[in-house]
Amino acid sequence: MEECKPILETRKLCINYGDLRVVKGIDLQIPSHQVTAVIGPSGCGKSSMLRVFNRMNDFIPTAWVEGEVLFHGEDLYDKTVDPGLIRQKIGMVFQRPNPFPKSIFKNVVWGPKINGYKGNLNDLAEEALRKAALWNEVKDRLRDSALKLSGGQQQRLCIARAIAMNPEVILMDEPCSALDPRATARIEDLIQELRSRYTIVIVTHNMQQAARISDLTAFLYEGDLVEFGPTKRIFTQPDQKRTEDYITGRFG
């Protein structure tokens with residue numbers, strides 16, 4: 001049986017901001033169509049690592065990367081790679097909902113439209129909103145401003161916006177941290193629904209959330225990858241004492 005290749009992989013990944021190294025030589029393999037949670041205390045490099053996967057760090061003048069970041073085995077930082085195309089295939093959902101100050105409909109179709117989408121935009125919007133479990137709530141108000149939606153609805157709209165680009169991977173940087181428990185539960189349910197179609201990598205400070213929704217968990221501490229493996233094992237029988245101490249609340 002042929003070994004399944006990871007969709008995303010880092011090899012000796014170091015992430016730097018000027019002279020500050022925040023990620024230190026990480027080797028990580030992320031498989032397709034699973035949910036991988038990245039946990040660790042604030043400042044350990046979680047979000048920085050997430051952003052290198054779709055080259056969001058390109059917008060930070062002091063940021064630079066060493067090592068390799070691979071997508072389907074191809075180096076994302078090769079000079080021949082178009083970052084814009086990468087961001088279509090590897091979407092991003094941020095910590096706080098950030099809808100455009102446009103209608104719900106335009107929020108969903110804006111990206112595909114400016115990238116030359118030739119299909120039916122109405123169908124595309126409906127499909128993306130359905131996949132984001134938002135269609136039934138907004139189908140009669142698509143021309144309303146997205147800013148009128150609740151926080152949880154705005155975050156699902158941002159997920160729909162990412163889905164509309166037809167990505168393979170969806171990165172989520174603490175997508176529930178600004179939401180109330182009910183909205184958080186809806187996003188968690190949505191992640192479970194999306195896992196069969198997309199590879200999801202989620203940064204979270206919520207240990208219970210990581211345990212509930214992820215297949216695999218990576219624990220980062222001070223820029224190092226301390227441990228990575230199946231979530232159930234990480235949370236019940238971790239190999240490293242630092243992992244156990246963090247999960248049980250002894251630090252972090």
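All of the numbers you see were taken from the coordinates with simple rules; none came from a lab. Because the structure is a prediction, the values reported are computed rather than measured. So basically every Cβ, Gly included, is an ideal-geometry build from the backbone, and we count neighbours across all protein chains shown.
Cross-link partners for Lys241 among the lysines, with Cα-Cα distance under 30 Å and sequence neighbours closer than 8 places in the same chain left out: Lys5, Lys12, Lys24, Lys46, Lys232. In a fully extended conformation the segment linking Glu193 and Asn136 would gain 18.9 nm over its present Cα-Cα distance, using 0.36 nm per residue. In terms of the mean number of neighbouring beta-carbon atoms within 10 Å, the peptides 137-148, 194-205 order highest first as 194-205, 137-148. In this Cβ point-charge picture (+1 for Lys and Arg, -1 for Asp and Glu), the chain has a dipole of about 900 debye about its Cα centre. When the charge dipole of the chain is built from unit charges on Cβ atoms (+1 for Lys and Arg, -1 for Asp and Glu) and taken about the Cα centre, the candidate among Ile86, Leu124, Ala162 whose Cα reaches farthest toward its positive end is Leu124. From the alpha carbon centroid of the range 186-252 to that of the range 1-74 is 16 Å. Between Arg21 and Asp82, the contour length at 0.36 nm per residue exceeds the alpha carbon distance by 19.4 nm. Binning the C-alpha pair distances of the range 10-139 at 5 Å intervals from 0 yields a P(r) profile of 2, 8, 15, 19, 17, 14, 12, 8, 4, 1 %, listed from the shortest bin outward.
One decimal place: the segment His72-Asp215 gains 49.5 nm when fully extended, by the rule 0.36 nm per residue minus the C-alpha distance. Here the relative contact order of the chain, from alpha carbon pairs under 8 Å that lie six or more residues apart, stands at 26 percent.
Rank Leu194, Asn16, Gln34 by how far each Cα sits towards the positive end of the charge dipole of the chain (+1 on Lys, Arg Cβ; -1 on Asp, Glu Cβ) and give me just the farthest. Selected residue: Leu194.
Whole-percent P(r), the chain, all Cα pairs, 5 Å bins from 0: 1, 6, 13, 17, 19, 16, 13, 8, 4, 2, 0. Loop-located GluC sites (Glu not before Pro) in the range 1-66 (DSSP state other than H, G, I, E, B) with a sparse environment of at most 14 neighbouring Cβ atoms within 10 Å: Glu2, Glu3.
Model label sites at Gln208 and Ala185, defined 7 Å from Cα along the beta-carbon direction, differ in position by 1.1 nm.
Residues in the range 133-162, backbone N under 11 Å from the label point at Arg96 (7 Å along the Cα-to-beta-carbon vector): list them, ranges by number please. No residue qualifies, since no backbone N sits under 11 Å from the label point. Among the chymotrypsin sites (Phe, Trp or Tyr not before Pro) found in the range 214-252, those both in a DSSP coil and sparsely packed, with 15 or fewer other Cβ atoms within 10 Å of their Cβ, are Phe251.
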